[in-house]
Amino acid sequence: MDLSLKDFLDKKVEEFNTPNFIPADPISIPHRFTLKRDIEIMGFFASILAWGQRKTIINKCVELAARMDNAPFDFIINHQEEDLKQLLGFKHRTFNDTDLLYFVSFFKQHYQRFPSFEDAFLQEPFITGVNRVEQALNSFRTYFFSLPDYPTRTRKHISSPLQKSSCKRLNMFLRWMVRKDNAGVDFGIWNRLQPSDLICPCDVHVERVARKFNLIQSDKVNWKTAVELTENLRELDPLDPVKYDFALFGIGVVGEM
């Protein structure tokens with residue numbers, strides 16, 4: 001373990017993992033809500049739509065919430081067919097209203113059976129260890145597309161390790177839901193997955209800075225890259241390795257490296 005690197009990154013976590021981080025980040029979207037299932041739903045949408053400039057992502061998520069009357073769980077569970085017209089025309093990048101309507105259908109059938117969205121990631125028994133999230137993400141994608149007649153085009157919006165994806169968006173969502181600390185950024189409202197299970201979201205900023213610190217050696221960015229980064233971060237903090245996402249992302253965004 002490089003103690004000087006650990007000390008430096010720990011200080012950067014303290015610098016960036018504060019409520020000041022929230023307003024300019026997509027995590028601000030679920031922070032607009034207080035009900036657990038609203039937080040889960042809008043957190044999931046905010047993570048899946050996290051492409052491009054953060055300001056645009058936030059604006060599109062605000063629009064989406066408004067289309068669901070700013071009560072996403074209530075809308076999903078209680079909407080009538082006529083209400084779905086409010087969702088038509090929504091688009092962000094390659095995510096469109098066809099995808100959105102399927103997401104709403106999936107959420108409805110899930111919440112009719114389970115009290116939390118965490119159950120969607122725990123559809124099968126899991127062994128303990130560092131590959132717990134890998135199994136959860138593979139299982140989740142299968143479960144997400146278990147409804148009959150799902151749109152084939154929507155499959156591209158849900159990644160999995162089986163596809164060799166780094167699963168940046170889903171790992172970010174899991175960080176939001178699972179990590180627990182007193183900083184007020186991540187929610188920590190899920191308890192069956194642990195912070196020590198998480199895999200670091202590997203976006204362009206995190207990847208670039210991690211390479212500067214020799215935390216990533218592999219050439220490509222895929223699931224193995226995300227695991228490699230996380231294993232190195234576990235050397236710094238085995239119980240909460242993904243807290244360093246704040247440090248790596250923050251350093252990259254503010255242009256320190």
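Here GLU124 meets the list (1) more than 27 Å from HIS31 (Cα to Cα); (2) open to solvent by less than 30 Å² (accessible area, probe 1.4 Å) almost entirely, failing just condition (2). Candidates PRO115, PRO125: the one that is at pLDDT 95 or above and in a loop (DSSP other than H, G, I, E, B) is PRO115. The set of residues in segment 39-65 that are among the small types (Gly, Ala, Ser) and within 15 Å of VAL104 (Cβ to Cβ) contains only ALA65.
A Cβ distance below 8 Å, combined with a sequence gap of six or more or placement on separate chains, defines the contacts here; from segment 140-155, residues that are more than 12 Å from THR98 (Cα to Cα) reach residues that are open to solvent by 30 Å² or more (accessible area, probe 1.4 Å) and assigned to a helix (DSSP H, G or I) in the pairs ARG141/LEU162; PHE145/ARG155; LEU147/SER105; LEU147/GLN109.
Would you say VAL178 is free of Cβ contacts under 8 Å to residues at least 24 places away in the same chain and buried (at least 16 other Cβ atoms within 10 Å of the Cβ)?
When the stated conditions are applied, VAL178 passes them.
Checking SER159, SER165 one by one, the residue that is surrounded by 15 or more Cβ atoms within 10 Å (Cβ to Cβ), under 13 Å from the mean Cα position of the chain (by Cα), modelled with pLDDT of 95 or more and part of a loop (DSSP other than H, G, I, E, B) is SER159 and no other. Based on this model, can you work out whether ALA24 counts as closer than 27 Å to GLY250 by Cβ, in contact with a Lys or Arg (Cβ under 7 Å, 6 or more places away or on another chain) and aliphatic (A, V, I, L, M)? Here the answer is yes, as ALA24 does meet what is asked.
Being over 21 Å from ARG54 (Cβ atoms), within 16 Å of the chain's Cα centre (by Cα) and part of a loop (DSSP other than H, G, I, E, B): is that true of ILE216 here?
Spelling it out, it is not the case that ILE216 is over 21 Å from ARG54 (Cβ atoms), within 16 Å of the chain's Cα centre (by Cα) and part of a loop (DSSP other than H, G, I, E, B).
In summary, GLY52 fulfils each of the numbered conditions (1) modelled with pLDDT under 95; (2) in contact with a helix residue (DSSP H, G or I) (Cβ under 8 Å, 6 or more places away or on another chain); (3) not β-branched (Val, Ile, Thr) with the single exception of condition (2).
Rundown of residues vs (1) under 25 Å from HIS31 (Cβ atoms); (2) hydrophobic (A, V, I, L, M, F, W, C), yes/no style:
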residue	(1), (2)
GLU118	yes, no
GLN135	no, no
SER159	yes, no
MET172	yes, yes
ARG175	yes, no
ARG179	yes, no
ASN182	yes, no
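The residues in segment 234-252 that are open to solvent by less than 60 Å² (accessible area, probe 1.4 Å), more than 15 Å from ASN131 (Cα to Cα) and not in a loop (DSSP other than H, G, I, E, B) can be counted, and the count is 11. Taking segment 197-217, which residues are open to solvent by 40 Å² or more (accessible area, probe 1.4 Å) and either on the phi > 0 side of the Ramachandran plot or in contact with a Lys or Arg (Cβ under 8 Å, 6 or more places away or on another chain) (or both)? Selection gives ASN214 alone.
The values are calculated or read from the model by the stated rules, or taken from the named source; none is laboratory data. Please read these numbers as outputs of a predicted model, since none were measured by experiment. Quick reminder, even Gly has a Cβ in these numbers, built from the backbone with ideal geometry, and neighbours come from all protein chains shown. These accessible areas exclude ligands, DNA and RNA; they are computed on the full protein's heavy atoms, side chains included. Shrake-Rupley method; radii C 1.70, N 1.55, O 1.52, S 1.80 Å.
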